[in-house]
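The structure appears below as structure tokens.
The values are calculated or read from the model by the stated rules, or taken from the named source; none is laboratory data. Everything numeric in this text was worked out from a predicted model, so none of it was measured. Cβ sites come from the backbone with ideal geometry, for glycine too, and all protein chains shown count toward neighbours. Side chains are part of the model used for accessible areas, which takes the heavy atoms of the whole protein and leaves out ligands, DNA and RNA. Shrake-Rupley method; radii C 1.70, N 1.55, O 1.52, S 1.80 Å.
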Amino acid sequence: MPEPAVRPEQPPTPPSAPRGMLSRFGDRRWQSRNLPEPVRRLPVTERAAVARAVRKCVPPADPALDEPTLALSAFARRQIHRYGWMYLGTPVAALVMSAAMLIASHDKQTLGTAAILVGAAIVTPASAVRRLERLERLESAIRTGGQDGPPTPRRRVRVPSPATAAVTAGIMVVASGLWLQWDARHNRPDWRLYGPHGAFPAAIAAQAPQHPRFVMMTYPFDVLTYRGIVIRAARNSGSVAAYGVRPFTIYWRLTRRDHRLVDADLDPSTGRLLTVWAHVDHDTDDTDAPMTAMMLDVRTGKVRWDRTVPGDPVVLGRGSSSIGRVVAIPAYQDVSVLDPATGHRRWRLRDRCEEGAGGTIGTTLILRRECPGTGLLLEGYDAATGRRLWSKSFASWWPGRDLARELPVKVDALDRNRMVVWTLEREAVYDATTGAQLGEHRQPIDGDGKIFDAETGYGPCRIHSDRDHRDGICATDPVSGRRLWSFPFPGADETTQLRSPMAVADGRVYTLTSDHGGEIVDHVDVNDARTGALLARVSPAFPRPGRLYGIQSTAGGALVLNDSLTPASTPHKTVVLGDE
């Protein structure tokens, strides 16, 4: 029996190199997709050659791969036809997006982005058509063995009828017109709100301070105070910001791109912050009319409404606008009165007079007007309808004077729908609705630094006694002018601060006094508003005691002092005093 042939020993098969994750993913992709059967049966290397041939639209070098290449090419063409909406929907979306960007934005930088989107919208369908043509030429070349043959029948693109094209174009034109009309009637928001960050800061205290001796915080800018926050609303600034007092952190900030702030006012009873803006001409860096009024919620910084109001922002001084029962925004020979809840205009007064708002008392809006031939007038208007209720001139308070018609007066609100008007020489009380006079008399005390609460006036005065004459503060009845009480300062040379020396809040009168001729704040006196009794006398340690501070506000546990004589920002422009 012959011996079996001895087979030569075969070398062991070397282990295959480990394949990477992308290679394994590619293998699974070729196996899992709904590919033609001739392609799935191919080994890995031949599948790659077929894929390369279809990708480059070049017949494969091995004629044995012609059938799988034709199958994969037909599969690719079916996929393009099946998902054709992607080639049409994407460019349409790009065109719509570019049109919306050009219409809604006033920024020139969006023009380049829109051009790129339009280019992509044009190229995307063209690339699909070109891909189909190349695949058809590949199939034709494989079937004819490299010779030119009859092309593969192609699916014709359906062309819409003229009627359909006309209706579609009409719909697009009408929709574009409606969009432009809507865009013209609605202001495009150019602001951005950052915050609010965290919970609303707690108030410093529920009442005004009793012993304001401690410097709680200093700010290098003017502030508006509201409970536990301070608001920075600087003129010509591009933003409004709210900061927490304890600690000093940003709570929210609203910035505008093409506008600058020209005025602001706060309504503490409702938490509404009125801001008035003007558009900036970037070529000249000047503000242009018309102005824009925005109402903000102090607690959140959100914009409640945004309205365009007429007027020249250059002549609108800081503190001219007011918010209360109505929003009054005066400008040169024009005043607009808006609803504080919605921003809709209630009425508008426009004539040859220069307008200035004095606030609302009850349902009456007080306006100070300087008209040709009549001089300064104080007038009351119905806040809801704009009907003029009364008009008063105070030229008789300066008899025989050349400038009697331009005599400046100050106005403040009293309780029971009354208002008080005063100068350095005279004082009178009127009914705010009817204008009827309730009392008039000579000014009993120094009217320069005088303040009022619900029914009493307080101001610096000279107190005479049998032994000496001393400076102090006095309380008077606005109707009769009768002095109610007086308090002489303890120091022999003590006098009131030169500017804004007094404030009243929560039944206490605060007075800044000086031992250096009124130029330096040495003491803060706190008196009982009803009796004049001294409740506290403190000497706060100011960071820079040489500054000429005046009282800006007193509420919420803080006494806010401000150096408004310095136009530039300084590290201690605003000083907040408190009990601790």
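In region 384-395, which residues are hydroxyl-bearing (Ser, Thr, Tyr) and either within 15 Å of Val421 (Cβ to Cβ) or open to solvent by less than 20 Å² (accessible area, probe 1.4 Å) (or both)?
Those that are hydroxyl-bearing (Ser, Thr, Tyr) and either within 15 Å of Val421 (Cβ to Cβ) or open to solvent by less than 20 Å² (accessible area, probe 1.4 Å) (or both): Ser391, Ser393.
Got at least one residue in region 484-499 being open to solvent by less than 40 Å² (accessible area, probe 1.4 Å), closer than 30 Å to Tyr381 by Cβ, assigned to a loop (DSSP other than H, G, I, E, B) and in contact with a strand residue (DSSP E or B) (Cβ under 7 Å, 6 or more places away or on another chain)?
no
Looking at Ala93, is it modelled with pLDDT of 80 or more and either farther than 19 Å from Glu136 by Cβ or open to solvent by less than 100 Å² (accessible area, probe 1.4 Å) (or both)? Let's see the steps before the verdict.
Values: modelled with pLDDT of 80 or more: no; either farther than 19 Å from Glu136 by Cβ or open to solvent by less than 100 Å² (accessible area, probe 1.4 Å) (or both): yes.
The answer is no for Ala93.
Would you check if Val524 is closer than 15 Å to Val504 by Cβ and either in contact with a Pro (Cβ under 9 Å, 6 or more places away or on another chain) or not aliphatic (A, V, I, L, M) (or both)? Let's see the steps before the verdict.
Working: closer than 15 Å to Val504 by Cβ: yes; either in contact with a Pro (Cβ under 9 Å, 6 or more places away or on another chain) or not aliphatic (A, V, I, L, M) (or both): yes.
So Val524 fits the description; yes.
When you scan region 229-247, do you find a residue that is farther than 29 Å from Ala505 by Cα and at pLDDT below 85, even just one?
No.
Which of the residues spanning region 396-409 are surrounded by fewer than 16 Cβ atoms within 10 Å (Cβ to Cβ) and touching a strand residue (DSSP E or B) at 6+ places or on another chain (Cβ under 8 Å)?
The answer is Glu406, Pro408.
For the subset of region 41-66 comprising residues that are open to solvent by 30 Å² or more (accessible area, probe 1.4 Å) and under 10 Å from Glu139 (Cα atoms), which member is modelled with the lowest pLDDT?
Applying the filter and picking the extreme gives Asp66.
Give me the residue from region 331-346 that is part of a strand (DSSP E or B) and open to solvent by less than 20 Å² (accessible area, probe 1.4 Å) and, out of that set, nearest to Cys371 (Cα to Cα).
Asp334
Does region 539-559 contain any residue that is at pLDDT 90 or above, closer than 20 Å to Cys461 by Cα, more than 29 Å from the chain's Cα centre (by Cα) and open to solvent by 30 Å² or more (accessible area, probe 1.4 Å)?
No; the residues of region 539-559 include none that is at pLDDT 90 or above, closer than 20 Å to Cys461 by Cα, more than 29 Å from the chain's Cα centre (by Cα) and open to solvent by 30 Å² or more (accessible area, probe 1.4 Å).
In region 241-255, what residues are over 18 Å from Lys573 (Cα atoms) and either open to solvent by less than 20 Å² (accessible area, probe 1.4 Å) or not in a strand (DSSP E or B) (or both)?
Arg246, Pro247, Tyr251, Trp252, Leu254
Residues in region 369-383 that are open to solvent by less than 60 Å² (accessible area, probe 1.4 Å), over 13 Å from Gly359 (Cα atoms) and in contact with a strand residue (DSSP E or B) (Cβ under 7 Å, 6 or more places away or on another chain): how many?
Within region 369-383, residues that are open to solvent by less than 60 Å² (accessible area, probe 1.4 Å), over 13 Å from Gly359 (Cα atoms) and in contact with a strand residue (DSSP E or B) (Cβ under 7 Å, 6 or more places away or on another chain) number 4.
Only one of (1) closer than 22 Å to Asp506 by Cα; (2) assigned to a strand (DSSP E or B) fails for Gln207. Which number is that?
The number of the failed condition is (2).
When you scan region 472-487, how many residues do you find that are more than 47 Å from the chain's Cα centre (by Cα) and within 16 Å of Asp522 (Cα to Cα)?
0
Within region 210-223, is there a residue that is within 29 Å of Thr308 (Cα to Cα) and part of a strand (DSSP E or B)?
No, region 210-223 contains no residue that is within 29 Å of Thr308 (Cα to Cα) and part of a strand (DSSP E or B).
For region 432-439, check the following and say yes or no: at least one residue is more than 29 Å from Val524 (Cβ to Cβ), surrounded by fewer than 18 Cβ atoms within 10 Å (Cβ to Cβ) and in contact (Cβ under 8 Å) with a residue 60 or more places away in the chain.
yes
Can you find a residue in region 185-200 that is within 25 Å of the chain's Cα centre (by Cα), at pLDDT below 85, loosely packed, with under 12 Cβ neighbours inside 10 Å and not in a loop (DSSP other than H, G, I, E, B)?
Yes, some residue in region 185-200 is within 25 Å of the chain's Cα centre (by Cα), at pLDDT below 85, loosely packed, with under 12 Cβ neighbours inside 10 Å and not in a loop (DSSP other than H, G, I, E, B).
Could you tell me how many of the residues in region 410-422 are surrounded by fewer than 18 Cβ atoms within 10 Å (Cβ to Cβ) and either more than 21 Å from Glu355 (Cβ to Cβ) or touching a His at 6+ places or on another chain (Cβ under 9 Å) (or both)?
Residues in region 410-422 being surrounded by fewer than 18 Cβ atoms within 10 Å (Cβ to Cβ) and either more than 21 Å from Glu355 (Cβ to Cβ) or touching a His at 6+ places or on another chain (Cβ under 9 Å) (or both): 3 in total.
Output the residues belonging to region 505-519 that are in contact (Cβ under 8 Å) with a residue 40 or more places away in the chain and surrounded by fewer than 22 Cβ atoms within 10 Å (Cβ to Cβ).
Residues satisfying the conditions are Ala505, Asp506, Arg508.
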